[in-house]
Amino acid sequence: MLTCKLVTRHVFVSCGFTFGVWSKIWRWCKLIPAYYGTIEDMLQWQNSSSLSVWGKKIVRGIIMVTCWALWKVRNKKVFQNSDPKVEEVVALVKSMSFIWLKYRSVRSNIEWKDWVVYMLYIL
């Protein structure tokens, strides 16, 4: 029987579908795609990166939104037998992180047309 830690690692980090999502997210962020063994590894990298304080906050938010989107897609697959698409998850992450940042921070001057191309343009 799989432990909870193994299941969460699979859902959020190690399955092929998830790897595809993260690869596209890192490309959108113009960050070097890398494999992280756990979400903790990803967050530790983000904390130790050379990004500005705001950059780190934005990337952390995107990591959280991506995890939420992956969990949502996983539940739809398990409970509704849906067929998720990497591009749809990435689009959801872009739109939800935009809304989250625009309406929940002092960075309310961000524009969708710029955000969707490169999210760290505001730094």
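Among the residues examined, V89 qualifies as touching a helix residue (DSSP H, G or I) at 6+ places or on another chain (Cβ under 9 Å), part of a helix (DSSP H, G or I) and at pLDDT 90 or above. If I63 satisfies all but one of (1) more than 17 Å from S14 (Cβ to Cβ); (2) in contact (Cβ under 8 Å) with a residue 12 or more places away in the chain; (3) surrounded by 12 or more Cβ atoms within 10 Å (Cβ to Cβ), what's the number of the condition it fails? Single failed check for I63: (1). Do we have M96 as at pLDDT 90 or above, in a helix (DSSP H, G or I), surrounded by 16 or more Cβ atoms within 10 Å (Cβ to Cβ) and not polar (S, T, N, Q) here? It is true that M96 is at pLDDT 90 or above, in a helix (DSSP H, G or I), surrounded by 16 or more Cβ atoms within 10 Å (Cβ to Cβ) and not polar (S, T, N, Q). Within the range 46-60, the presence of a residue that is under 14 Å from W115 (Cβ atoms), over 13 Å from the mean Cα position of the chain (by Cα) and of a type in the set (V, I, T) is excluded. Residues of the range 73-91 that are within 15 Å of V11 (Cβ to Cβ), touching a residue at least 12 places away in the same chain (Cβ under 8 Å) and of a type outside the set (A, V, I, L, M, F, W, C): R74, P84. Just wondering, is there one or more residues in the range 72-81 that are out of contact with any Leu (no Cβ under 7 Å at 6 or more places or on another chain), more than 21 Å from Y118 (Cα to Cα), modelled with pLDDT of 90 or more and not in a helix (DSSP H, G or I)? Taking every residue of the range 72-81 in turn, at least one turns out to be out of contact with any Leu (no Cβ under 7 Å at 6 or more places or on another chain), more than 21 Å from Y118 (Cα to Cα), modelled with pLDDT of 90 or more and not in a helix (DSSP H, G or I). In the range 102-115, the residues that are over 16 Å from R60 (Cβ atoms) and surrounded by 10 or more Cβ atoms within 10 Å (Cβ to Cβ) form Cβ pairs under 8 Å with partners that are at pLDDT below 90 and of a type in the set (S, T, Y), at six or more places apart or across chains, as follows: K102/S108; D114/Y121; W115/Y121. Candidates are the residues of the range 103-123 that are part of a loop (DSSP other than H, G, I, E, B) and among the aliphatic types (A, V, I, L, M); the one that is nearest to V90 (Cα to Cα) is V116.
State yes or no: is K56 of a type outside the set (V, I, T), without any contact (Cβ under 8 Å) to a residue 24 or more places away in the chain and closer than 14 Å to T18 by Cβ? Taking the combined requirement at face value, the residue does not satisfy it. When you check S23 against the structure, is it touching a helix residue (DSSP H, G or I) at 6+ places or on another chain (Cβ under 8 Å) and either part of a loop (DSSP other than H, G, I, E, B) or closer than 28 Å to K5 by Cα (or both), yes or no? So S23 does not fit the description; no.
The values are calculated or read from the model by the stated rules, or taken from the named source; none is laboratory data. Worth saying up front: this structure is predicted, and the values here are computed from it rather than measured. Methodologically, a virtual Cβ is constructed for each residue, glycine included, from the backbone with ideal geometry; neighbour enumeration extends over all protein chains shown.
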